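Chemist: Below are the structure tokens for one structure; questions will follow.
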Amino acid sequence: MKKKIAFVSMLAAASVALAACSNESAEGDDKELTLGYMTAWSDMLLMANLIEHVASEHGYSFEHTEVNDVAAVYTAVSNGDIDIVPSSWPERTNKDQWERFKDNIEDVGVFFPNARLTLAVPEYSELDSIEDLVGAEARFDGDIIGIEAGSGAVNVVQNEVMPEYGLDAYTLKTSSTPAMLAELDDAIAEHRDVVVTLWRPYWANNSYPVKDLADPKGALGEPEGLHTLARPDFSAEHPELAQWISEISLSDEEYGALEDLLLNKYDEGEEQKAIAEWIEQYGDSLPAWPGQ
């Protein structure tokens, strides 16, 4: 009888072990993943830390890798050098990169459906429309202040907006997002004219006294979704994580509150504190982890 009990116990233990192995296999043997993104782009930073905060409670750990520009982001995820791109604009803003690499990238889901590009000026500006820029070149020293040269925002403004509105007398100056913000900050401090490439959602729209220029010709395009992308086979290897990410959908209020906490209330290195505070107030808006 003792031998029989021991044998049954051994079978039970083996069953538990097999079940554990099966679950681990279903979710992938490796739960150490790499998040690749541009830290200057708040939507990428926001989503990276949100994914890390929740998924770490389910056995995941993450390495954060800063990537230089959008083209490099798409190249890295398509090659499998990074596992997840937390946020991207593949519908229009980054359409060129998406079309080039989409066969080797998984589109995991849309977490924010109402993103859009803008051209913005200080609130004190007399200009209200992109059309008003025509003939006003001297007020802006002939410059539109852009961000990274390979960004979708720069491509759309240069190849769609400027030709559509006849802004040939302007030069689109490119450098980086922080440099654009520094130029905007200086211009506002000196109460002078400046026009910059911006986008929504983005914290700078609330932190600086700026207004969007109307786009009567629709050259900036319709609102688009912010997508989370992943390397090939990601969903097959991490089905629960992929499902959870795919079900995230943030409202304007939820997104804005998280961005404000992350960028304005907490310092660099305190991102997880910002996420924790946001979850206290808005955690019910997140999907449940699959199976719970």
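The values are calculated or read from the model by the stated rules, or taken from the named source; none is laboratory data. Note that this is a predicted model, so its numbers are computed, not measured. Ideal geometry is used to build each Cβ from the backbone, glycine not excepted, and the neighbour counts take in all protein chains shown. These area figures cover heavy atoms from the full protein model, side chains too; ligands, DNA and RNA do not enter into them. Shrake-Rupley method; radii C 1.70, N 1.55, O 1.52, S 1.80 Å.
Chemist: Taking into account only those residues within the stretch 280-292 that are without any contact (Cβ under 8 Å) to a residue 12 or more places away in the chain and outside any loop (DSSP other than H, G, I, E, B), which is least open to solvent (accessible area, probe 1.4 Å)?
Modeler: Filtering the stretch 280-292 for residues that are without any contact (Cβ under 8 Å) to a residue 12 or more places away in the chain and outside any loop (DSSP other than H, G, I, E, B), the one least open to solvent (accessible area, probe 1.4 Å) comes out as Gly283.
Chemist: So how many residues does the stretch 51-86 have that are under 10 Å from Ala230 (Cα atoms) and not hydrophobic (A, V, I, L, M, F, W, C)?
Modeler: 5
Chemist: Now for a separate question. Would you confirm whether or not the stretch 155-171 contains a residue that is open to solvent by less than 70 Å² (accessible area, probe 1.4 Å), β-branched (Val, Ile, Thr), over 22 Å from Glu126 (Cβ atoms) and within 23 Å of the chain's Cα centre (by Cα)?
Modeler: Checked the stretch 155-171: at least one residue is open to solvent by less than 70 Å² (accessible area, probe 1.4 Å), β-branched (Val, Ile, Thr), over 22 Å from Glu126 (Cβ atoms) and within 23 Å of the chain's Cα centre (by Cα).
Residue-by-condition table, conditions (1) more than 30 Å from Ile51 (Cβ to Cβ); (2) out of contact with any Gly (no Cβ under 9 Å at 6 or more places or on another chain):
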{"site": "Asp143", "(1), (2)": "yes, yes"}
{"site": "Ile147", "(1), (2)": "no, yes"}
{"site": "Lys173", "(1), (2)": "yes, no"}
{"site": "Ala187", "(1), (2)": "yes, yes"}
{"site": "Thr197", "(1), (2)": "no, no"}
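Chemist: Residue under question is Ser129, and the condition is that it be touching a residue at least 60 places away in the same chain (Cβ under 8 Å), among the hydroxyl-bearing types (Ser, Thr, Tyr) and in contact with a strand residue (DSSP E or B) (Cβ under 7 Å, 6 or more places away or on another chain); does it hold?
Modeler: yes
Chemist: Quick check on the stretch 100-118. Is at least one of its residues over 26 Å from Thr39 (Cα atoms) and open to solvent by less than 20 Å² (accessible area, probe 1.4 Å)?
Modeler: Scanning the stretch 100-118 turns up no residue that is over 26 Å from Thr39 (Cα atoms) and open to solvent by less than 20 Å² (accessible area, probe 1.4 Å).
Chemist: If you go through the stretch 223-241, how many residues are open to solvent by less than 10 Å² (accessible area, probe 1.4 Å) and under 17 Å from the mean Cα position of the chain (by Cα)?
Modeler: Counting residues in the stretch 223-241 that are open to solvent by less than 10 Å² (accessible area, probe 1.4 Å) and under 17 Å from the mean Cα position of the chain (by Cα) gives 6.
Chemist: Okay, next question. Can you tell me how many residues within the stretch 184-215 are touching a strand residue (DSSP E or B) at 6+ places or on another chain (Cβ under 9 Å), of a type in the set (Gly, Ala, Ser) and surrounded by fewer than 17 Cβ atoms within 10 Å (Cβ to Cβ)?
Modeler: 1
Chemist: While we're looking at this one, here's another question. So which pairs qualify, if the first residue must be in the stretch 148-176 and closer than 18 Å to Glu222 by Cβ and assigned to a loop (DSSP other than H, G, I, E, B), the second must be open to solvent by 30 Å² or more (accessible area, probe 1.4 Å) and among the charged types (D, E, K, R), the Cβ gap must be under 9 Å, and the two must be at least 6 apart or on different chains?
Modeler: Short answer, once both residue conditions are applied: none.
Chemist: Could you tell me whether the stretch 52-62 includes any residue that is open to solvent by less than 10 Å² (accessible area, probe 1.4 Å) and at pLDDT below 95?
Modeler: There is no residue in the stretch 52-62 that is open to solvent by less than 10 Å² (accessible area, probe 1.4 Å) and at pLDDT below 95.
Chemist: Further question: When the residues of the stretch 245-279 are filtered to those that are of a type in the set (Gly, Ala, Ser) and outside any loop (DSSP other than H, G, I, E, B), which remaining residue is surrounded by the most Cβ atoms within 10 Å (Cβ to Cβ)?
Modeler: Checking each candidate, the answer is Ala274.
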